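Q: Provided herewith is a single structure, encoded as structure tokens, for subsequent inquiry.
The values are calculated or read from the model by the stated rules, or taken from the named source; none is laboratory data. Values in this document were obtained by computation on a predicted structure and should not be read as measured data. Don't worry about glycine lacking a Cβ; one is built from the backbone with ideal geometry, like all the others, and counts go over all protein chains shown. Areas reflect the complete protein model, heavy atoms only, side chains present, ligands, DNA and RNA absent. Shrake-Rupley method; radii C 1.70, N 1.55, O 1.52, S 1.80 Å.
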Amino acid sequence: MPSTFETVANIIAETCDIPRDTITPESHAIDDLGIDSLDFLDIAFAIDKAFGIKLPLEQWTQEVNDGKATTEQYFVLNNLCARIDDLVAAKGK
Amino acid sequence: MRIEYFQLIDRIIDLNLNDLTIRAEANVPTESTIFEGHFPGRPLMPGVLLIESMAQASGWLLIARTRFEKMPFLAALKEVKLRTFVTPGQDLVITAKIMHEGSGFALTEAEVRVDGKTVCNADITFRVVDFPKGEFRASMHEVARRIAFPMETVSHG
């Protein structure tokens, strides 16, 4: 079974036509990979479908806009994957 | 419908904020300068304007949802299918449903029917920004009046 990161990296590569080998756990989706908000929406929907969860994009956006969170907390891929794992775990409870 | 002025909805028939749906009507005019070029001797409602009609119906639904505090702008189209020709004089029923909102974007599924048959459909993404001010805002309210936007749906609650 692929890791969360493998699944997310493959989704990003496919959705945004980014070479898979350039995507690392330390990559920042926006700053490093150049993904814009419109493409990230598609990525989020693909993640939702792959993991059976719903990423709280509205809440994340609000937190970043309000200065309560940094983009790194949600858009650096190993952080994003940790959020996904948390949501998957919460779903199983 | 005055397609030269991008007035692609004649009236809103139903707007349901519980189901997040809208239904609107429009009549394709029998005469328009657009038909002089699209196409000479074979007038057809341009597919891009059918898409625009779905975007406008979706847009009014999203404006209702945000009580005139947010304005949607077309950002992406997926699964667009223009299934058959639409010609002058035909009556369109345009419907849309909100499938996602929040995060600065909204998604709708929309379709246009003629005589009960789907003639086109699309999944539409909108970028949602603050509602415009000044002349733009006034013009939007004027359009709302013209298309019988049900103000009672947004005036309470």
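Q: Just give me the residues in region A:5-23 being closer than 13 Å to A:PHE40 by Cα and not hydrophobic (A, V, I, L, M, F, W, C), in sequence order.
A: Passing the criteria: A:GLU14, A:THR15, A:ASP17.
Q: Can you confirm whether B:ARG42 is surrounded by 17 or more Cβ atoms within 10 Å (Cβ to Cβ) and out of contact with any Ser or Thr (no Cβ under 7 Å at 6 or more places or on another chain)?
A: Spelling it out, it is not the case that B:ARG42 is surrounded by 17 or more Cβ atoms within 10 Å (Cβ to Cβ) and out of contact with any Ser or Thr (no Cβ under 7 Å at 6 or more places or on another chain).
Q: Is at least one residue of region B:98-121 in contact with a Phe, Trp or Tyr (Cβ under 7 Å, 6 or more places away or on another chain) and either within 13 Å of chain A (Cβ to nearest Cβ) or assigned to a strand (DSSP E or B) (or both)?
A: Yes - at least one qualifying residue is present in region B:98-121.
Q: Could I ask something else about it? How many residues are closer than 16 Å to B:ARG113 by Cβ and not in a helix (DSSP H, G or I) if we restrict to region B:5-63?
A: Summing the residues that are closer than 16 Å to B:ARG113 by Cβ and not in a helix (DSSP H, G or I) in region B:5-63 gives 16.
Q: Ok, one more. With respect to A:LEU87, is the statement that it is crowded, with 19+ Cβ neighbours inside 10 Å, away from every other protein chain (no Cβ under 14 Å) and within 14 Å of the chain's Cα centre (by Cα) true?
A: Here the answer is no, as A:LEU87 does not meet what is asked.
Q: State all residues of region B:63-92 that are open to solvent by less than 10 Å² (accessible area, probe 1.4 Å) and of a type outside the set (Gly, Ala, Ser); if no residue qualifies, say none.
A: Of everything in region B:63-92, those that are open to solvent by less than 10 Å² (accessible area, probe 1.4 Å) and of a type outside the set (Gly, Ala, Ser) turn out to be B:ILE63, B:VAL86, B:LEU92.
Q: Mind checking which residues of region A:35-93 are assigned to a loop (DSSP other than H, G, I, E, B), farther than 20 Å from A:ASN10 by Cα and among the hydrophobic types (A, V, I, L, M, F, W, C)?
A: Matches in region A:35-93: A:ALA69 only.
Q: Do any residues in region B:135-157 that are at negative phi and open to solvent by less than 100 Å² (accessible area, probe 1.4 Å) have Cβ atoms under 6 Å from those of residues that are at pLDDT 95 or above and not in a loop (DSSP other than H, G, I, E, B), where the two are at least six apart or on different chains, and which pairs are they?
A: Partner pairs satisfying both residue conditions: B:ILE147/B:ARG11; B:ILE147/B:ILE12; B:PHE149/B:ILE12; B:PRO150/B:LEU15; B:THR153/B:LEU15; B:THR153/B:ALA64; B:VAL154/B:ALA64.
Q: For region B:51-110, which residues satisfy the criterion of being among the polar types (S, T, N, Q) and on the phi > 0 side of the Ramachandran plot? Steps first, please.
A: Keep residues of region B:51-110 that are among the polar types (S, T, N, Q), which gives B:53, B:56, B:58, B:66, B:84, B:87, B:90, B:95, B:103, B:108.
B:SER103 - this is the single residue of region B:51-110 that is among the polar types (S, T, N, Q) and on the phi > 0 side of the Ramachandran plot.
Q: Give B:THR95, B:THR108 a once-over and let me know the one that is open to solvent by less than 30 Å² (accessible area, probe 1.4 Å) and touching a Lys or Arg at 6+ places or on another chain (Cβ under 9 Å).
A: Sole residue among the options that is open to solvent by less than 30 Å² (accessible area, probe 1.4 Å) and touching a Lys or Arg at 6+ places or on another chain (Cβ under 9 Å): B:THR108.
To keep it simple, each residue is scored yes or no on (1) touching a residue at least 60 places away in the same chain (Cβ under 8 Å); (2) touching a helix residue (DSSP H, G or I) at 6+ places or on another chain (Cβ under 7 Å).
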{"position": "B:GLN56", "(1), (2)": "no, no"}
{"position": "B:TRP60", "(1), (2)": "yes, no"}
{"position": "B:ARG67", "(1), (2)": "yes, no"}
{"position": "B:ALA75", "(1), (2)": "no, yes"}
{"position": "B:THR84", "(1), (2)": "no, no"}
{"position": "B:VAL93", "(1), (2)": "yes, no"}
{"position": "B:GLY102", "(1), (2)": "no, yes"}
{"position": "B:PHE105", "(1), (2)": "no, yes"}
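Q: Could you count how many residues in region A:41-54 are within 9 Å of chain B (Cβ to nearest Cβ) and touching a residue at least 12 places away in the same chain (Cβ under 8 Å)?
A: So the answer is 3.
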